[in-house]
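Shown next, in C-alpha cells, is the structure this report addresses.
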Amino acid sequence: MNSRKNDIEIIYSRLRQHLHGGNGFAINHFMQTPEHSLVKFVLGKGNRLKAMISAGIHGDEPSGVEAICSFLENNRFDNFSDEWELTFLPCLNPYGYEHGLRENHEGKDLNRLFKHESPPTEVRFAKSIFDSSYDLTIELHEDFMTPGYYLYQKGTHAEDDLLGKKILQAVKNIMPINLNGEIDGCSAQGGIIVQGNEPMDWWPMALYSLSKGTRRCLTLETATKLSMDARIEAHLVAIDTALNYFSRKK
Ligand SMILES: [Zn+2]
C-alpha cells in the first residue's frame, strides 16, 4: 500500500505551467487527507455554455487524468474559447491515483457515494462544484475488462441521445467500440449502455449531476488494455465531439 505508482504533484505542476492568471487553478486542502490536495480549474470563465469535465475518481484509471493534461497542453480549448466555460476536476481521487487503487485512502469507491448523507471529502468536493448548473458533464473512466470504448449517457433532452452515437462514430477511428449486448452487467447497444429506470439506493456522480439539472451527463469508458496514447486520444476526441454538438445548436 505504501509504494507509489504516480505522483499527483507532477500532474498539478503540469497543469500549473499552462494556466496563467484568471484560470482559477484552485487548490482545496482538506484535513482528512492532509497529504493530498483536490484541485479544479476553469477555462473561458463567463461563457454561455458550461461543462464540467472530471477524471480520476477511480484512482487506477489514469488515462482521464492524462487526457485533461493533454487537453490543456495541446491548446485544444482554442476551438471552444468563444462559447464554452469549462470547469475541470483533473483528479478526484489523488490517493488512489498515487497508489494505483480504485478506492480512496479509506477503501471507499467514491463513485458509489453521491447519495450518501455524509460522504467522503472527495465526494463533498465534487458536489460543491455543482453550485452552478451545467449544460454538460463528462466523466472520464477506463475499464480493465472491455475490449473497446463504450459510454453511459443520461439527460433532460431525449434528442441528445444522438450525442452518444456521434461520440462513438468519432472514437471508432481511434479504438474499437465494445459492441457486446451486455457490458459491465448492463444491457448495451452499439457501445451505449441501456439502463432500466429502477431506482438506485446509491448514486454515481452522473446521477447527482442529473439531479442538479445538467442537460447531458456522459460517463466515458476507454479500454485499459489498449495503449495509453490511444486511451488519451479516444477521450480527447469524445470531449471535442460533445462540445461541438452543443456549439452547433445555436
Ligand atoms: Zn471508473
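Before moving on, here are some points about what is shown:
- Total residues in segment 58-90, condition touching a Pro at 6+ places or on another chain (Cβ under 9 Å) and surrounded by 23 or more Cβ atoms within 10 Å (Cβ to Cβ): 4
- Every residue from segment 195-210 that is at pLDDT 95 or above and away from the ligand (no atom under 16 Å from the Cβ): LEU210
- The set of residues in segment 44-57 being touching a helix residue (DSSP H, G or I) at 6+ places or on another chain (Cβ under 9 Å) and either surrounded by 23 or more Cβ atoms within 10 Å (Cβ to Cβ) or among the small types (Gly, Ala, Ser) (or both) consists of GLY44, ALA51, MET52, ILE53, SER54, ALA55, GLY56, ILE57.
- Per-region count, segment 126-147, residues more than 16 Å from the ligand (Cβ to nearest atom) and over 17 Å from ALA67 (Cβ atoms): 10
Yes/no matrix, rows are residues, columns are (1) part of a strand (DSSP E or B); (2) touching a Lys or Arg at 6+ places or on another chain (Cβ under 8 Å):
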| residue | (1), (2) |
| --- | --- |
| ARG4 | no, no |
| GLN17 | no, no |
| LEU38 | yes, no |
| PHE114 | no, yes |
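The values are calculated or read from the model by the stated rules, or taken from the named source; none is laboratory data. Remember, predicted model here, so these are calculated numbers, not experimental data. All Cβ positions, even for glycine, are placed from backbone atoms using ideal geometry, and neighbour counts span all protein chains on display.
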